[in-house]
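Only one structure is covered here, and it is reproduced in the block below.
Values in this text are rule-based calculations from the coordinates and carry no lab data. Because the structure is a prediction, the values reported are computed rather than measured. Ideal geometry is used to build each Cβ from the backbone, glycine not excepted, and the neighbour counts take in all protein chains shown.
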Amino acid sequence: MPDGLALKKTRTTCPYCGVGCGILASDAGDGKVLVSGDPDHPANFGRLCGKGAALGETLGVEGRLLHPQVYGRRVDWDSAIATVAEGFARTIAAHGPDSVAFYVSGQLLTEDYYVANKLMKGFIGSANIDTNSRLCMASSVAGHRRAFGADTVPGCYEDLEEADLVVAVGSNYAWCHPVLSQRLAEAKAKRPELRIVLIDPRRSASAELADLHLPIKPDSDVALFNGLLRWLEENGCGDDDFVAQHTHGLEAALASARETSLGEAARLTGLGLAELLDFYRLFTVTPKVVTLYSQGVNQSESGTDKVNAILNCHLLTGRIGKPGCGPFSLTGQPNAMGGREVGGLANQLAAHMDIENPGHRALVQGFWQAPAMPEKQGLKAVDLFEAVAAGRIKALWIMATNPAVSLPEADRVRAAIRDCPFVVVSDVEQRTDTGDVADVLLPAAAWGEKDGTVTNSERRISRQRAFLPAPGEARPDWKIICDVAAALGWGDAFAYTAPWQIFREYAALTADGNGGTRDLDLSGCLEWDGADYEAAAPFQWPFTAGEAAAGETEAAAPKRFFAEGGFFTEDRRARFVAVTPPAGEIGGLPFLLNTGRVRDQWHTMTRSGRSPRLAQHVAEPYVEIHPADAARLGVTPAGLVELTNHRGSYLARAVITERQQPGQLFAPMHWNGQTASAGRIDALVAPRRDPVSGQPALKMTRVTAMAAPLAWYGFAVVARRPADIPADYWALARSQAGFRLELGGRQVPADWPTFARRLFGLTAAEETVEFLAYGDSDKGSHRFAAFDAEGRPLGVLYVAAEPVAASRAWVCQQFDSGTLECGARRALLAGRACEGDADPGPIICSCFAVGRNQILAAVGAQKLTSVDCVSAATSAGSNCGSCRAEIQGLIDHVTVEAAE
Ligand code: SF4
């Protein structure tokens, strides 16, 4: 446990996804931090997924950025702040306020976001502040604003449990929002009549829970929902009263929808007419429907139209804002919603006000007593980095995000950051792909060390509370921003001494001139002081002064919008939006590349990559490819695949699977320059974006794919991170006792023992360690293992001409078990379990380290037919439940095999 841990139990919030689970952090009693689900938090009621449960493994200071650095030299904070302020002031003086920009993050807390936005928009006088939430849900924001007049999420999590039909569109919620998936699975277990439909080109893990999977063609969602709108209207499913009293524009939307016949909708979506109609009929006859959606909808050139196509169907049926009804945008990041609320997007002002509305601009400027206020939108993420590349942005401050990995054309973005005259990066990590090309590095406090608030997907504001001191000289982001603002001469407007003061100011802004005209109203927090803020329980907005006066806070019933209309347009009516399907598929290279996430990693792995437990699930970048495509290209199971286009290349392990449609590929977005040799998939991604939201189409890039046969393949576990990795292909992940490495090369090294020693980091002083070697040069097979004087492993390396077959889980287990007897050392060299020493296989359940082999053995031997039975027999899936979909897949696999 890091020094200074407060031993009391601290209520805080998970820093990963938009579910926003409550967490209890306490002293585990063994020098570590115990993390458990908060049973009182309304998002999770004590549940956590694997990522949340492993947070305790991510708290060490190794690799942390501990001191400010300017051009590679450690400096004190005063010098660093002066350098940043001087760099921005000089650029603004010479080139104007629009020559500078901030690129911020859904990892920031609302208070950090608020002051960053206030500084850029109100004091620097530019709207060039955008956030990585642009990559995540900007299309939902734009769709909400077009239909509702405000960025309002109408429903709440209870709706998923109260619905009779849940339609998940472009959402692998089983992996990306696992606790909501658990809540949904439990609801379905109680009410098997609850139907779940998954709409996704890929048969993702979420299909295991679904009654119906519709593998539509990529970007055919508008055709699907236009067809549904038309079907609903023609079959008398519209709520005429709701439409008449609370909406505008149905005829135009219907006219647009009618341009696509049912047969055409089937053709455009690639579905059979029968399955299309099955879905339409199910939607028609089920009054309580929730349509949830996330990146598969948003990350598209037609993302905003997709959102409005979905909203149109809910408006037509009046299925909105009632228990068990409504469209539901799931946010990716922990505080994407908070960022939206305080104007973190370049096209909005704080408190859900519009940058292009003169009244809103005047209100915010007056409230802040600000010297300036931009009159037009700033640069959205992709445009912002294009402006950096073009030299129009000359000073850039990047906070808590890693655009050199996560932006489309990531190589070009990295080069643009490197070539920008002045770049500041605030981060918790010493080494990131972005920080490596910055001029100034500012050490930020991390999760567990900072105080503030976050807002989850259902508009619930929760506190993140510190339970650790910040290491070294790390500071909270809000403090760093305010110090720079003061150095720029605006100290009075940024004279906060604690985050509660920022929150109260933000709450006052939501109330200013509101009077029910804006959805976001936190006037119930106007009287809060530090003690109220400290004690605040999670609550949904709006939270009005009237509610506060009545003594309501977190105990209030779930809050919904729009059941009785009351939209935030001028006439308080919602707008149907006429949308048309995009014209044809993008052409070009033979494969369509889809990118996304894996179950146990988060974004560019700067936090989740610290956890050995999480690395057990997927330890290297991969490409999912259909068996027919693999056979045609000569891609073999566990072989390597190279993806290329004119933007870059990506080298990763092949996963041959029918989950993928022919002609389509899937690759995860997490790997970066610190964890893989060529695993930055966004380097290949095209910068196309939605014309309304500016969100990039991260799921739609053309690439070529080819087998990448290597001369050798390797797997290693080493006690120390290698200084350099002498291989063409490598992927590095944490293990309990060191690091595990997947390796490969196009040329066979001249001297394998020297290669192994270099990889193990053995120095001359360690020549006395036991160094075991076995080789069969004819077969290209070599094994090496090194042990210290006590018999503890220092490194083990397996090399073969084919992908190495050693059980990774077993090898890591042996490596982690400390001193090994002679027989165990030889077994480790052989890469084979001793008798009675079972090989668990690849880890499926991260919580209890239960492997695939163990689950398959239990299912086969005990004839287990349900996930609950597997959990009872092996513990797998009995804690966080994130792996339950995969366990169901294994049960199905055994059942099918038995039937054949
Ligand atoms: Fe964190 Fe998992 Fe909850 Fe998301 S679902 S907030 S990652 S514990």
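The GluC sites (Glu not before Pro) found in region 498-590 that occupy coil by DSSP, while having at most 12 further C-beta atoms within 10 Å, are E527, E564, E570. Averaging Cα coordinates gives a centre for region 442-477 and one for region 648-720; these two points are 31 Å apart.
Too long at a 25 Å Cα-Cα cut-off: which of K9/K190; K9/K188; K51/K559; K8/K559; K288/K559; K118/K376? Beyond 25 Å between Cα atoms: K9/K190; K9/K188; K51/K559; K8/K559. The loop-placed trypsin sites (Lys or Arg not before Pro) in region 691-799, going by DSSP, that have at most 16 neighbouring Cβ atoms within 10 Å of their Cβ come out as R720, R746, K779. Taking the charge dipole of the chain about its Cα centre, with +1 at Lys and Arg Cβ atoms and -1 at Asp and Glu Cβ atoms, the residue from G22, I355, S807 reaching farthest to the positive side is S807.
By the count of other C-beta atoms within 10 Å, a proxy for reagent exposure, K217, K450 are ordered fewest to most as K217, K450. Its Kirkwood hydrodynamic radius, worked out from the mean inverse distance over all distinct Cα pairs, puts region 482-550 at 13.2 Å.
Let a ≥ b ≥ c be the square roots of the eigenvalues of the Cα gyration tensor of region 292-361; is it rounded (a/c under 1.5), or, if not, prolate (a/b larger than b/c) or oblate? It is prolate, given that a/c is not under 1.5 and a/b is the larger ratio. Rounded if a/c is under 1.5, else prolate if a/b is larger than b/c, else oblate: which is region 41-107, with a ≥ b ≥ c the root eigenvalues of its Cα gyration tensor? Verdict is oblate for region 41-107. Computed on the Cα trace of region 582-727, the radius of gyration divided by the Kirkwood hydrodynamic radius gives Rg/Rh = 0.98.
The ranking of D892, D305 by Cβ neighbour count inside 10 Å, starting from the fewest, reads D892, D305. Per the Debye calculation on region 435-592 with a single equal scatterer at every Cα and no solvent contribution, log₁₀ I(q)/I(0) for q = 0.16, 0.17 Å⁻¹ amounts to -1.01, -1.07. Annotation note: GluC sites (Glu not before Pro) in region 24-88 located in DSSP loop regions with a Cβ neighbour count of at most 13 within 10 Å are E62.
I want to verify the translational diffusion coefficient of region 569-637 in µm²/s; compute it with Stokes-Einstein, Rh as the Kirkwood radius over Cα pairs, at 20 °C and 1.002 mPa s. Here the translational diffusion coefficient equals 125 µm²/s.
Of all DSSP beta bridges in the chain, what percent run antiparallel (nearest 5)?
If we restrict to bridges inside the chain, about 60 percent are antiparallel.
With all pairs of different C-alpha atoms in the average, the Kirkwood value for the hydrodynamic radius of region 708-836 is 14.5 Å.
The share of alpha-carbon pairs in the chain lying farther apart than 50 Å comes to 17%.
Here the Kirkwood formula puts the hydrodynamic radius of region 231-285 at 12.5 Å, using every distinct Cα pair. Please label the shape of region 147-230 as rounded, prolate or oblate, based on the square roots a ≥ b ≥ c of the eigenvalues of the alpha-carbon gyration tensor (a/c under 1.5 means rounded; beyond that, a/b larger than b/c means prolate, else oblate). Taking the square roots of the gyration eigenvalues as a ≥ b ≥ c, region 147-230 is oblate.
For the chain, averaging the sequence separation of C-alpha pairs within contact (under 8 Å, six or more residues apart) and dividing by the residue count gives a relative contact order of 15 percent. Calculated on the Cα set of region 304-445, radius of gyration then Dmax: 18.9, 55 Å.
Distance from the Cα centroid of region 59-119 to that of region 260-322 is 43 Å (rounded to whole angstrom).
For a footprinting-style exposure proxy, rank L732, L330 by other Cβ within 10 Å, fewest first.
L732, L330
Computed per residue of the chain from DSSP H runs no shorter than four, each worth -39500 (n - 2.57), the mean residue ellipticity at 222 nm is -9000 deg cm²/dmol. Backbone geometry of region 559-566 corresponds, through the Karplus equation with coefficients 6.51, -1.76 and 1.60 at θ = phi - 60°, to 3J(HN,Hα) couplings of 9, 10, 10, 6, 4, 10, x, x Hz, x marking Gly and Pro. Hydrodynamic analysis of region 259-384 uses the Kirkwood radius over alpha carbon pairs. Inserted into Stokes-Einstein at 4 °C and 1.567 mPa s, it gives a translational diffusion coefficient of 73 µm²/s.
List the aspartates and glutamates whose alpha-carbon lies under 17 Å from that of K394, not counting same-chain residues fewer than 8 positions away? Reachable aspartates and glutamates: E86, D98, D130, D383, E386, D419, D439. Taking the DSSP beta bridges in region 516-674 as the whole, what percent of them are antiparallel, to the nearest 5? Given both bridge residues lie in region 516-674, the antiparallel proportion sits at roughly 45 percent.
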